[in-house]
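What follows is a short report on a single structure.
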Amino acid sequence: MFAPSPLPNSEPPHDCPRCPRLVAFREALRIEYPGWWNAPVNAFGDPDAWLGIIGLAPGKHGANRTGRPFTGDHAGMLLFETLAKFGMASGIYEARPDDTLRLEGVCIINAVKCLPPENKPTPEEIRTCRPFLEGQIADLGPPRVFVALGQIAHQSAVKVLGGKLPKAKFGHLAEHRMPGGQVLIDSYHCSRYNQNTGRLTPAMFEAVFARALAVRRELAA
């Protein structure tokens, strides 16, 4: 069972043909792992979200396998645990798309929808996939607060939200006011590597979402 998208009108097709390298990788994995999702990964969360989380791309053994962002790999454990701590998730995360986990006021969107080899999309692939990110942000409508997980997600988010690079520089807990009034908050990606090396600690990650809640209150005042 794979999770349906909360934003079905802006998802790429299951066999999206736009990036030849990613298509070839996808087809090879469909032969090797026929029971996996092996397709562009849908958004996940609340269609009426106030917070949009922008990730990089599906992980091979995580979202590319399960069909749900951050589900089935190490990064998802910290992400969903943190969201639950701040009242942004309910249910139980069991690393599969048919568990009881639900996001409350949050929607996760990837900057790149398909799995790239070695988790490294090319600049052209990032640009080619950007219209889907733009469409999903537009479909969400209400969110005024976004969290970008990592520099690639940050760069795509800034461009979609009408900001300017390199004026809006990436940095953990860096905060950027976008021309449309949205606020973008940066975080180091919650990857296994960043956690294991201490580049990102649970406390550092929690600070990002504490700030997101504070910004939401400020914007509502």
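The values are calculated or read from the model by the stated rules, or taken from the named source; none is laboratory data. Only a predicted model underlies this, so the values are computations on that prediction, with no experimental measurement involved. Quick reminder, even Gly has a Cβ in these numbers, built from the backbone with ideal geometry, and neighbours come from all protein chains shown. For accessibility, only protein heavy atoms count, side chains too; no ligands or nucleic acids. Shrake-Rupley method; radii C 1.70, N 1.55, O 1.52, S 1.80 Å.
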Looking at segment 1-40 only, could you name the residues that are assigned to a loop (DSSP other than H, G, I, E, B) and among the small types (Gly, Ala, Ser)? Ala3, Ser5, Gly35, Ala39
Segment 140-151, subset at pLDDT 95 or above and not aliphatic (A, V, I, L, M), residue surrounded by the most Cβ atoms within 10 Å (Cβ to Cβ): Phe146
Being open to solvent by 70 Å² or more (accessible area, probe 1.4 Å) and either touching a helix residue (DSSP H, G or I) at 6+ places or on another chain (Cβ under 8 Å) or among the polar types (S, T, N, Q) (or both), is that true of even one residue in segment 183-192? yes
Pairs under 6 Å by beta carbon, first residue within 15 Å of Ala212 (Cβ to Cβ) in segment 72-88, partner among the aliphatic types (A, V, I, L, M), six or more apart or different chains? Leu83/Ala89; Met88/Val106
What do you reckon, is Pro117 modelled with pLDDT of 95 or more, within 24 Å of Gly67 (Cβ to Cβ) and surrounded by fewer than 20 Cβ atoms within 10 Å (Cβ to Cβ)? yes
With criteria (1) over 21 Å from Phe80 (Cβ atoms); (2) assigned to a loop (DSSP other than H, G, I, E, B); (3) in contact with a helix residue (DSSP H, G or I) (Cβ under 9 Å, 6 or more places away or on another chain); (4) without any contact (Cβ under 8 Å) to a residue 24 or more places away in the chain, Gly162 comes up short on (3)
Across segment 120-134, which residue is farthest from the chain's Cα centre (by Cα) among those that are surrounded by fewer than 18 Cβ atoms within 10 Å (Cβ to Cβ) and part of a loop (DSSP other than H, G, I, E, B)? Thr122
Output yes when any residue across segment 42-54 is of a type outside the set (S, T, N, Q) and farther than 27 Å from Arg127 by Cα, and no when none is. no
Apart from one, (1) open to solvent by 10 Å² or more (accessible area, probe 1.4 Å); (2) part of a loop (DSSP other than H, G, I, E, B) all hold for Ile137; the odd one out is (2)
Does His172 satisfy the criteria of being over 12 Å from the mean Cα position of the chain (by Cα) and open to solvent by 30 Å² or more (accessible area, probe 1.4 Å)? yes
Being of a type in the set (A, V, I, L, M) and farther than 16 Å from Gly72 by Cα is the filter here; which residues of segment 1-48 pass it? Leu7, Leu22, Val23, Ala24, Ala28, Leu29, Ile31
Inside segment 1-47, the number of residues satisfying the requirement of being in contact (Cβ under 8 Å) with a residue 60 or more places away in the chain and either over 12 Å from Pro116 (Cα atoms) or within 16 Å of the chain's Cα centre (by Cα) (or both) is 19
Out of Glu81, Glu94, sole residue that is acidic (Asp, Glu), assigned to a loop (DSSP other than H, G, I, E, B) and either open to solvent by 10 Å² or more (accessible area, probe 1.4 Å) or in contact with a Leu (Cβ under 7 Å, 6 or more places away or on another chain) (or both): Glu94
